[in-house]
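Asker: Take a look at this one; I'll ask things after.
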Amino acid sequence: MGINNIVDEECWDLDDIFLEHNYSDSTVFDCIVYYLAGYIAKRLIRKTKCVQCINGLKNLNTTKFGTLAELVIAKSRGYLTHPDSNLFNILKSLEHSFNKFADELNVFDKTCEDFFKNNVHITFPCVDHRTSMLTDITVYYLVMRMRQYSYIENQNNKKLNKTKKKLSKLVNT
Ligand SMILES: [Zn+2]
C-alpha cells in the first residue's frame, strides 16, 4: 500500500469541501473531520481482514446517523462509510494538533509529537494491531491533510517510510 495511492485517490473532492465551508465553525470542523474519518476508515478496512480492527474503524450501527453524518451523505455519492466514534475522536484531536503546525515546515513531525504527547492513552479495540493501526491512521490522515497545504508535493515515499518507523516508536511508548 503506497502513500501515492492515497494521494491519487479519484473521486476525492476534499479541496471543494474546504472551499465551500467555513472551517472555523466548530460544527463544520466536526463535520469535516467526521467525513475524513469515514474516508480513512474506508481505506484501512480495505487492507485488513481482522474483524476487531474493522469494528474499531467503522460505525456498524448504521441506523443512527447524526447531523455530523450529513456531509458524509452529501459528499460520498454512495460510498458511505461512517467512522467509529473512537476513530472520530482520535482524528479530531489529530486535526487540532495539525492546525497548530500547519504552516510550519516540519508539520508532520511536530503534529505527531504534539498529538502523542497530548493523547497518551489513545485506545484502539484490536490489541494485536493497535500499534500498526494507530500508526496507519496517523500517517494516512496527515499525508492527506498535508497534501492540502501542498507540502506533500516534495515528499517522497522514502522519507515517509522513515517517518512511519519513527512514528511507530512513538505509539509504543
Ligand atoms: Zn486487528
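Computed from the coordinates by the stated procedures, all read-outs in this text should not be read as laboratory data. Just so it is clear, the structure is predicted and the values come from calculations on it, not from any experiment. With ideal geometry, Cβ positions are generated from the backbone for all residues, glycine too; neighbour counts draw on all protein chains shown.
Asker: For the stretch 102-143, which semi-axes, largest first and in whole Å, follow from the square roots of 5 times the eigenvalues of its Cα gyration tensor?
Answerer: Here the semi-axes work out to 22, 12, 6 Å.
Asker: If amide H atoms are built 1.01 Å from N in the plane of the peptide, which residues on other chains or at least 5 residues away come under 5 Å of the amide H of residue 59?
Answerer: Sorted by chain and number, the residues that satisfy this are 82, 84.
Asker: Along the Cα-to-Cβ line of residue 52, 7 Å from the Cα, sits a label point; which residues in the stretch 104-142 have backbone N less than 14 Å from it?
Answerer: 123-134
Asker: Can you tell me the length gained on complete extension of the stretch residue 109 to residue 166, counting 0.36 nm per residue apart and subtracting the Cα distance?
Answerer: 19.6 nm
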